[in-house]
Amino acid sequence: MSNSNAQLSIRDLLFGDLSLEMIASFAARTGDDSPWAHFAVAHQRHQQGDSFGAIVELEKVLDLERLESRVYLQAWYCLRQLGSFPPADIASEIKGVVVEAALENGLDIVAAYADHSARYFNYSGAGVVWDIAEPEMDKLIDRLLSQGQEIIPHIGLWEQPRPPAPPAGTVRINLLTCGGLYMGQAAFADMGQDPLGGQAIKAAITLMQALIARHTSRAT
């Protein structure tokens, strides 16, 4: 698999928006217990025509504590597909930000989540996965999430399927909420000059640099 194809596969795991069928297939292959087992049961019930039972099963995921933010996002994505939507008071609460910079040589991605995990994937195929509690890194992640939260009231909910990676020369800010995806995209220069988008890009760059620095120091 080429670096480009591998990265696109990793990219799809960052948003918490895979189909219920795909998640159920994953659970069946790995034999994982909760929370993925709930998705598998939900899919089975949905296939049997029991949408209410599927919703009840997915709601069990929401009741589990200390899961990754992406798991909660995935549960809400599947619930929305079944016609069950989050309460208004949490629907637009940000749970993750994924910034995609389409460079001449490929795609750079910085992702941050409410559970204080983060990811950086370079167009070359290199990457950093951050799942460690550290106050300084937590602050950088919170800063990016906060900048993303400020953008949400100014753009509409993206109600179409998530698009493929942005074209070269552009940057896309993906804002992940229980209610769905909010998204802004522009040329690098235009996004940098936007009062809200520019601050989010700066926060993403700062987080990226910190992730690289932590990875480098741990490797030496």
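The values are calculated or read from the model by the stated rules, or taken from the named source; none is laboratory data. Keep in mind that this is a model prediction, so the values were computed, not measured. Heads up, the Cβs are rebuilt from the backbone with ideal geometry, glycines too, and the neighbour counts pull from every protein chain shown.
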message: Return the residues of the stretch 133-176 that are in contact with a Phe, Trp or Tyr (Cβ under 9 Å, 6 or more places away or on another chain), among the charged types (D, E, K, R) and under 11 Å from Ala200 (Cβ atoms); say none if nothing qualifies.
response: none
query: Do you know which of the residues in the stretch 1-33 that are over 17 Å from Asn105 (Cα atoms), part of a helix (DSSP H, G or I) and of a type in the set (S, T, N, Q) is modelled with the lowest pLDDT?
result: Thr30
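Yes/no matrix, rows are residues, columns are (1) of a type in the set (A, V, I, L, M, F, W, C); (2) farther than 25 Å from Tyr77 by Cβ:
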| position | (1), (2) |
| --- | --- |
| Gly127 | no, no |
| Asp142 | no, no |
| Leu145 | yes, no |
| Glu150 | no, no |
| Ile173 | yes, no |
| Gly179 | no, no |
| Ala189 | yes, yes |
| Gly197 | no, no |
task: Take Val97 and decide whether it is of a type in the set (Val, Ile, Thr) and within 26 Å of Ala42 (Cβ to Cβ).
output: no
query: Among Ala75, Ala111, Ala118, which is the only one that is under 15 Å from the mean Cα position of the chain (by Cα), buried (at least 22 other Cβ atoms within 10 Å of the Cβ), at pLDDT 95 or above and outside the structural domain of Pro167 (by TED's automatic domain parsing)?
result: Ala75
field: Among (1) within 30 Å of Ala165 (Cβ to Cβ); (2) assigned by TED's automatic domain parsing to the domain that holds Asp12 - the single one Asn105 does not satisfy
entry: (2)
message: Suppose we filter the stretch 129-142 for residues that are modelled with pLDDT of 95 or more and over 16 Å from the mean Cα position of the chain (by Cα); how many remain?
response: 7
- request: Give the stretch 36-62 a look and list any residue that's under 20 Å from the mean Cα position of the chain (by Cα) and either charged (D, E, K, R) or modelled with pLDDT under 90 (or both), or say none.
  value: Glu59
message: If I ask for residues that are surrounded by fewer than 17 Cβ atoms within 10 Å (Cβ to Cβ) and in contact with a strand residue (DSSP E or B) (Cβ under 7 Å, 6 or more places away or on another chain), which ones from the stretch 88-107 would you list?
response: Ala91, Glu93
